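Here the structure comes first, spelled out in structure tokens, and everything after it is commentary.
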Amino acid sequence: MSSTTKTARIGEELWKTRVDKVNAELVTLTYGTIVAQLCQDYDGDYTEVNKQLDKMGYNIGLRLIEDFLARSNVGRCANFRETADMVAKVGFKMFLNISPTVTNWTSDNNQFSLIFEENPLADFVELPDDGRSQDELWFSNILCGVLRGALEMVQMQIDAHFVSDILRGDDTTEMRVSLVRYIEDEMPPDEE
Amino acid sequence: MYVSTVYSLIIINKAGGLVYQREFHSGLHKLSTNDYLVLAGTFHGVHAITRSITPRLPLASTATNPTTASHSATASLSVTSPSSTTTPTTPTPTASNNPTANTPSSTYSFPNPSVPASGLEFLETDKFRLTCFQTQTGTKFLLFTDPFMANIDVVMKKIYELYADFVMKNPFYQLEMPVRCESFDRHLGSWLRGRI
Amino acid sequence: MSYYFTILSPTDAPLFNIAFGTSKSGGDGIARFRFPDTAQYMNQFIIHSSLDIVEEAQWMNGNLYLKHIDTYPPAQAYISAFLTPSGARFLLLHQPPQLPSTSSSGGNTGSSSLLGSSFSASALGGGSSGRASSSSIAANPTAPQTEEAVRQFMNEVYENYVKTVMSPFYRVGLEIKSPVFRARVTAAGKKWL
């Protein structure tokens, strides 16, 4: 427990001292416009929109991880539980000023859920009333991609997807994250 | 004595390719581009090997008497130089006069199975010191400095931050490709100048 | 008191309509217009005919809330207006309840199928509950208390309007279909009017 609060303190500290702030509406509106435009470009094919958002997030994650490491100065996590804590309390805190709750661990410690009490990306958003978006579109799917990209850079292959979203009328917004494998340090064979 | 000279910086991507090379202060002989590429690749290989030969010592070894403890910790965790690794019985000057390299060994109880071996951290000659910083993503920053320069870790950290800001966040920078970001050059140059 | 609230775009396209009745003084929040069989289009007609006055009044001062700006005596309809900085117009038509002597509810039951549910309800409910609220302050459409209540209502709707048009899936200039917004306007009506 104490390590959890310590991690939370790291996140708080970074947010206060090391992070440049930007107007929340700017972020919200920019992201919302991107999603709406994707929905239009793909003609309401929400499965494809989800995929594109995830891909965009993945490319962000690959880059964002360096910023995270350079600023946070945190070391390698000893296990996946520590990683989850770091993601929720430092990562999300740094970049979105939120700390989703880590919960619903599986017994093998390889799967957990992030519960988002708040989600700045989804402020003001009401999904299109075409009768399908409520069942098909994961509005904040970019976050899954960000997580996947960032963790891949620190040798973790994960799968992340939303399982519920307040925007759809669910009670909570929940992302399920599962560790697929640790990527072994590959040493180029010709170097040996 | 002029002790904060930073001669040059090399960035090696995680596959061992040279992606950035820049000279800040003359004093070292210039190499041809090809030689820099060879240097990067060779260092990458040596770094990987030094990491793989890092011995897995039992935890108790860190709790032995101070003289042997400091030495064994140096040899195991921060492989300070090839010589100290290959001939552990001969203490190198590097190991004794550089306290910063030893600090990590006191914070970890190595070998902690979750903390991977770090590999080569610096090389030293009479005229310059080569410090290597590997990020958790596998990118390596190599800094050539004056051997007496202090606080290299501060410089390294700042360089990493600038890299994160101006290279990684540049949407037109392609990952793992050579860094050609004018704003990175500019900020790096002016920050280092400001330090001197 | 019965209300008809409309949002018009800067190009006069209707974006949103809602009819509701007072919730003060025991009102049940259901609109009971004086001429229920014609109210649906007459209300819109009256509101749109006040636009000329809105356009004049908007230059008189810098306020967003223009207060009571127009009256249509035949229907006892009073119009209050509120402008958003982007040029959308919020127009509220309010009609004090029918006096017992001019009751016309008796002959209208047959036409209720043409109207929305709230209007047909008015045809049945008629004058009795209207009389109940006739003594309240809000029953006088030009009283300062009414002006204040309408101002509060307009401000609350404006706040929610901003949030609604910020939704990335709302296209500017199109009808506001959001059920959330409708619920919030209804709530604001309940709270202030």
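Output the residues belonging to the stretch B:137-165 that are among the polar types (S, T, N, Q) and in a loop (DSSP other than H, G, I, E, B). B:THR137, B:THR139, B:ASN151 - these are the residues of the stretch B:137-165 that are among the polar types (S, T, N, Q) and in a loop (DSSP other than H, G, I, E, B). Here is the figure for the stretch A:1-46: residues that are in contact (Cβ under 8 Å) with a residue 40 or more places away in the chain and of a type in the set (Ser, Thr, Tyr) total 6. Filter the stretch C:150-193 down to residues that are among the polar types (S, T, N, Q), touching a Phe, Trp or Tyr at 6+ places or on another chain (Cβ under 7 Å) and in contact (Cβ under 8 Å) with a residue 12 or more places away in the chain, then give me how many there are. Adding up the residues that qualify gives 4. Identify all residues within the stretch C:30-56 that are touching a residue at least 60 places away in the same chain (Cβ under 8 Å) and of a type in the set (Phe, Trp, Tyr); write none if there are none. Of everything in the stretch C:30-56, those that are touching a residue at least 60 places away in the same chain (Cβ under 8 Å) and of a type in the set (Phe, Trp, Tyr) turn out to be C:PHE33, C:PHE35. Residue-level check: of (1) in contact (Cβ under 8 Å) with a residue 60 or more places away in the chain; (2) aromatic (Phe, Trp, Tyr); (3) touching a strand residue (DSSP E or B) at 6+ places or on another chain (Cβ under 6 Å), A:PHE162 misses just (1). Taken together, the criteria exclude A:ALA88 from residues that are among the hydrophobic types (A, V, I, L, M, F, W, C), within 23 Å of A:ASP20 (Cα to Cα) and within 14 Å of chain C (Cβ to nearest Cβ). Can you name the residue in the stretch A:68-90 that is in a helix (DSSP H, G or I) and among the basic types (Lys, Arg) and, of all such residues, is farthest from A:THR101 (Cα to Cα)? Looking at residues that are in a helix (DSSP H, G or I) and among the basic types (Lys, Arg), I get A:ARG71. If you go through the stretch C:164-193 and keep only what is among the aromatic types (Phe, Trp, Tyr) and in a helix (DSSP H, G or I), you end up with C:PHE181, C:TRP192.
Annotation note: of A:GLY169, A:GLY149, the sole residue that is touching a residue at least 24 places away in the same chain (Cβ under 8 Å), small (Gly, Ala, Ser) and surrounded by fewer than 19 Cβ atoms within 10 Å (Cβ to Cβ) is A:GLY169. Across the stretch A:121-139, not a single residue is classified as of a type outside the set (Ser, Thr, Tyr) and within 22 Å of A:GLU13 (Cα to Cα). Using the structure shown, decide if B:PRO55 is modelled with pLDDT under 75 and either crowded, with 19+ Cβ neighbours inside 10 Å or under 26 Å from B:LYS127 (Cβ atoms) (or both). No, not satisfied. For A:LEU53, the test of being within 14 Å of chain C (Cβ to nearest Cβ), in a helix (DSSP H, G or I), in contact (Cβ under 8 Å) with a residue 24 or more places away in the chain and under 20 Å from A:LEU127 (Cα atoms) is passed. Scanning the stretch B:139-155 for residues that are surrounded by fewer than 17 Cβ atoms within 10 Å (Cβ to Cβ) and either within 11 Å of another protein chain (Cβ to nearest Cβ) or on the phi > 0 side of the Ramachandran plot (or both) gives B:ASN151, B:ASP153.
The values are calculated or read from the model by the stated rules, or taken from the named source; none is laboratory data. This is a predicted model, so every value here is computed, not measured. Quick reminder, even Gly has a Cβ in these numbers, built from the backbone with ideal geometry, and neighbours come from all protein chains shown.
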